[in-house]
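Heads up: the structure comes next, in structure tokens.
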Amino acid sequence: MSTTDNADSRTFPRVTDSSKVKSTVVVTSGTSMEIASGLATNISGGGICFRTEDPYKLGTMLALELELPGMPVAVIALARVVWVQESPSKAEPERPWELGCEFHWVGWDSNVAQARIADYIRKKLG
């Protein structure tokens, strides 16, 4: 079941749902990249909140692969970590951190992936 977050300060409607997330730190030098898995707790047209095993630093740029229910392919996004906190849920001890990330880019060379996220949110809000 999904719910909406009607916070007055939200620019985009936000839906609460569990979706798999793979995150990779975007590095500007060196060849190593850190890859982690996570579980989204909510998503909007402007960003995502997900639980993960790593407490990324504020400002870290992440390449995300989002597996949204009902979507035939994963959605790819570039996002910046804007807040980090210990997860209030102790149900997943392997993912003790929650990250709030702001989307900077979604999809490939078109707006198809952004439209997929918008359609997904519209259906959930419907």
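A few remarks follow.
- Qualifying residue in the range 47-58 (condition: at pLDDT below 85 and under 12 Å from the mean Cα position of the chain (by Cα)): no
- Residue match in the range 3-13 (condition: among the basic types (Lys, Arg), under 21 Å from residue 122 (Cβ atoms) and either surrounded by fewer than 16 Cβ atoms within 10 Å (Cβ to Cβ) or modelled with pLDDT under 65 (or both)): yes
The values are calculated or read from the model by the stated rules, or taken from the named source; none is laboratory data. The shown structure was predicted, so the numbers you read here are calculated from the model rather than taken from an experiment. When we count neighbours, we look across all protein chains shown, and the Cβ atoms used for this are built from the backbone with ideal geometry, even at glycine.
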